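Taking it in order: structure first as structure tokens, then the write-up.
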Amino acid sequence: MEPLVEHPLLIRDLTKSFGGLRAVEGVNIELCPHHVHSLIGPNGAGKTTVLNCVSGFLRPDTGQVVLGGSEVTRWPPHRLVAAGLVRTFQITTIFAELTVRENVELAVRSRLGRNLDVIHQASRIRQAQDEAEEVLGWLGFLEKASGRGDQLSHGDKRIVEVAIALALNPKVLLLDEPMAGMSRSEAERIAVLVRRIADKTSVVLVEHDTETVLSISDRITVLVQGRVIAHGAPDEISRDAAVRKAYLGALDVE
Amino acid sequence: MVDEIAPAPKSAALSRETASWLLFVLGAAALLTFPLFGAGEFTITLLTEGLILGIWAMSLDLLVGFTGLVTFGHAAGFGLGAYAAGYFAQHVSSEFLLVLAVSETVVASVALVAGFVVSRISGVAFAIVTLAISQVLLQIGVAWLSVTGGMDGLIGVPLPKLFGVTVESGKSLYLMVAVILVLVYLALLRLTNSPFGRTLQAIRLSEQRAAAIGINVHLHKWLVFVISWLVAGIAGTLLVFMKAGTTPMVFNWYESGYVLAVTIFGGLGTLLGPMIGAIVVTFLHDQVISLFTAWQFVFGLAFVLAVIFFPTGLAGVAIRIWSRWWNTRS
């Protein structure tokens, strides 16, 4: 079965159990280039488990992860990052003691293969500085670049989380609830950003906010209790009876 | 960490860096010329011991302060270096550079194996497994009579030679230790400011985050473990020459706890702090023990008070004074 388009990321029959609990069961996702492909579902549907299995933080029981045509199932996170598969975290995990710029430079140096360099001064690597500057400039974040990680607002931390990921030049970017805990206006800022990111790369988005998801996604996969109950374009999903029944009840209100 | 207090203009920041270097040069010069100022034999010996402890504490700072890996078994690399060096000096040659090469080879071999295992764990498990490793070495030290001399340990290790010339105990040995201390400090300073050093700090802040930016966490923990043991092995090598021997008690958990306390007392993640802490504690030990036999009680109390009132250690206090002075000055 040859795919018609070259998929940056394919997830095939992914299954993961924790003890007796089947957290993820036979999940398939085909990510198309420059798409925002959202993964939605109620709490405990297995969205983050899928993300963890794909990004190497959990080992799936069965199934395959194919990145740009090569199989990368069960690769450790650092190898996946080197191969172009990058993720963000639901809980903000930027380095609090470092400045924004240092956070991003750390990621750039890592991508440039400088992690084992013991000779040079980390803070004086020109290429890392320039590329960090470029990423922060692209995000319109240069003004706050000298602030320490722990002195930023929650919304700004989420942006830095994205900046770190972008600094790794992802071919596929997995965003785990980038809008979690944000105000309406902050969430909109991220929504616009996600669309812009999709021009550069391909995005898998896990998000709770269904309204935003419907407006910014190219494809949506709906998970309920670890299984895919629907997938398709946003308008198909919002019309899907099973999805409405299981999950999108909130949309009836509108 | 200092910069957050007052973001100084670029030129001031530069001269401040120059000032820090000047301070370092003065400190190093004072350290190296110390015996010329008529210090007694006893003081010199005490200071030599303090500097050896300082090298050992800096090696631990690399693990605990920079990488966030707390260990209760850091006597392992130290003791291994001491035994390997002492045995080689007794049986083959006491030519210092040769002895050091041999002891470091032994330390590296064991550290590569032990580090491969412990690089996969963190937190309490890391602390306890490294403790177990040092206790295993202690048992080997006691049991392998023909090589280690059992409970008596190695006795009568000759003085080291440097290119055929014997390094006499006292001033000469002190000078050798001081030079090595300065070199080790400079090397570790370079290492911790390098991209590799920054990945260690990233691992300390969050292993998961570090992995997600493409850092091979296992590999980096493994490497820093080996480097840390190698530096501890240098300290052990110097100790066995200074004491003309060692016993298996060098591996004891008490020693690991002592160097950990000294490192925390000096200031984690600062290199200079643990080194100065080591000198301070060594002299404190000498002063207290002549007045009062319950040295451990005093040290324990001082340690607890220090951690409560100066959680950043001696280095933290020093940096604060230095920055304040610098800021009021300019």
Going by the structure shown, is residue A:205 within 14 Å of another protein chain (Cβ to nearest Cβ) and either under 30 Å from residue A:69 (Cα atoms) or surrounded by 18 or more Cβ atoms within 10 Å (Cβ to Cβ) (or both)?
no
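Residues are listed down the side, and each one gets a yes or a no for (1) within 14 Å of chain B (Cβ to nearest Cβ); (2) farther than 20 Å from residue B:211 by Cβ; (3) of a type in the set (D, E, K, R); (4) out of contact with any helix residue (DSSP H, G or I) (no Cβ under 9 Å at 6 or more places or on another chain):
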| residue | (1), (2), (3), (4) |
| --- | --- |
| A:6 | no, yes, yes, yes |
| A:9 | no, no, no, no |
| A:13 | no, yes, yes, yes |
| A:33 | no, yes, no, yes |
Residues (touching a residue at least 12 places away in the same chain (Cβ under 8 Å), polar (S, T, N, Q) and part of a helix (DSSP H, G or I)) located in segment B:277-330:
B:282, B:323, B:327
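Listed here are the residues, each with its yes/no results for (1) touching a Gly at 6+ places or on another chain (Cβ under 7 Å); (2) of a type in the set (A, V, I, L, M, F, W, C); (3) surrounded by fewer than 21 Cβ atoms within 10 Å (Cβ to Cβ).
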{"site": "A:9", "(1), (2), (3)": "no, yes, no"}
{"site": "A:13", "(1), (2), (3)": "yes, no, yes"}
{"site": "A:21", "(1), (2), (3)": "no, yes, yes"}
{"site": "A:33", "(1), (2), (3)": "no, no, yes"}
{"site": "A:42", "(1), (2), (3)": "no, no, yes"}
{"site": "A:51", "(1), (2), (3)": "no, yes, no"}
{"site": "A:58", "(1), (2), (3)": "no, yes, yes"}
{"site": "A:65", "(1), (2), (3)": "no, yes, no"}
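Return yes when residue A:175 is surrounded by 21 or more Cβ atoms within 10 Å (Cβ to Cβ), more than 9 Å from chain B (Cβ to nearest Cβ), closer than 26 Å to residue A:56 by Cβ and within 21 Å of the chain's Cα centre (by Cα) and no when it is not. Let's see the steps before the verdict.
Values: surrounded by 21 or more Cβ atoms within 10 Å (Cβ to Cβ): yes; more than 9 Å from chain B (Cβ to nearest Cβ): yes; closer than 26 Å to residue A:56 by Cβ: yes; within 21 Å of the chain's Cα centre (by Cα): yes.
It is true that residue A:175 is surrounded by 21 or more Cβ atoms within 10 Å (Cβ to Cβ), more than 9 Å from chain B (Cβ to nearest Cβ), closer than 26 Å to residue A:56 by Cβ and within 21 Å of the chain's Cα centre (by Cα).
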When you scan segment B:21-32, do you find a residue that is at positive phi, surrounded by fewer than 13 Cβ atoms within 10 Å (Cβ to Cβ) and at pLDDT below 85, even just one?
no
Determine if segment A:120-134 includes at least one residue that is away from chain B (no Cβ under 11 Å), surrounded by fewer than 16 Cβ atoms within 10 Å (Cβ to Cβ), more than 20 Å from the chain's Cα centre (by Cα) and basic (Lys, Arg).
yes
The residue from B:231, B:226, B:217, B:288 that alone is more than 19 Å from the chain's Cα centre (by Cα) and within 14 Å of another protein chain (Cβ to nearest Cβ) is B:217
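Looking at this structure, is residue B:236 modelled with pLDDT under 95, in a helix (DSSP H, G or I) and away from chain A (no Cβ under 14 Å)?
Details: modelled with pLDDT under 95: no; in a helix (DSSP H, G or I): yes; away from chain A (no Cβ under 14 Å): yes.
So residue B:236 does not fit the description; no.
Which ones in segment A:69-81 are within 11 Å of another protein chain (Cβ to nearest Cβ) and crowded, with 17+ Cβ neighbours inside 10 Å?
Taking segment A:69-81 and keeping what is within 11 Å of another protein chain (Cβ to nearest Cβ), we get A:76-81.
Residues satisfying the conditions are A:77, A:78, A:80, A:81.
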(1) buried (at least 18 other Cβ atoms within 10 Å of the Cβ); (2) over 30 Å from residue A:89 (Cβ atoms): which one isn't true of residue B:168, the others all being true?
(1)
What pairs come out if I take residues in segment B:182-195 that are within 13 Å of chain A (Cβ to nearest Cβ) and without any contact (Cβ under 8 Å) to a residue 24 or more places away in the chain and pair them with residues that are of a type in the set (Val, Ile, Thr) and surrounded by 15 or more Cβ atoms within 10 Å (Cβ to Cβ) whose C-beta lies under 6 Å away, six or more apart or interchain?
B:194/A:118
Tally time: how many residues in segment A:82-101 are among the charged types (D, E, K, R), in a helix (DSSP H, G or I) and facing chain B (nearest Cβ under 8 Å)?
0
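The values are calculated or read from the model by the stated rules, or taken from the named source; none is laboratory data. None of the values given here were measured: they were computed from a predicted structure. Positions of Cβ are backbone-derived with ideal geometry, glycine not excepted, and every protein chain shown enters the neighbour counts.
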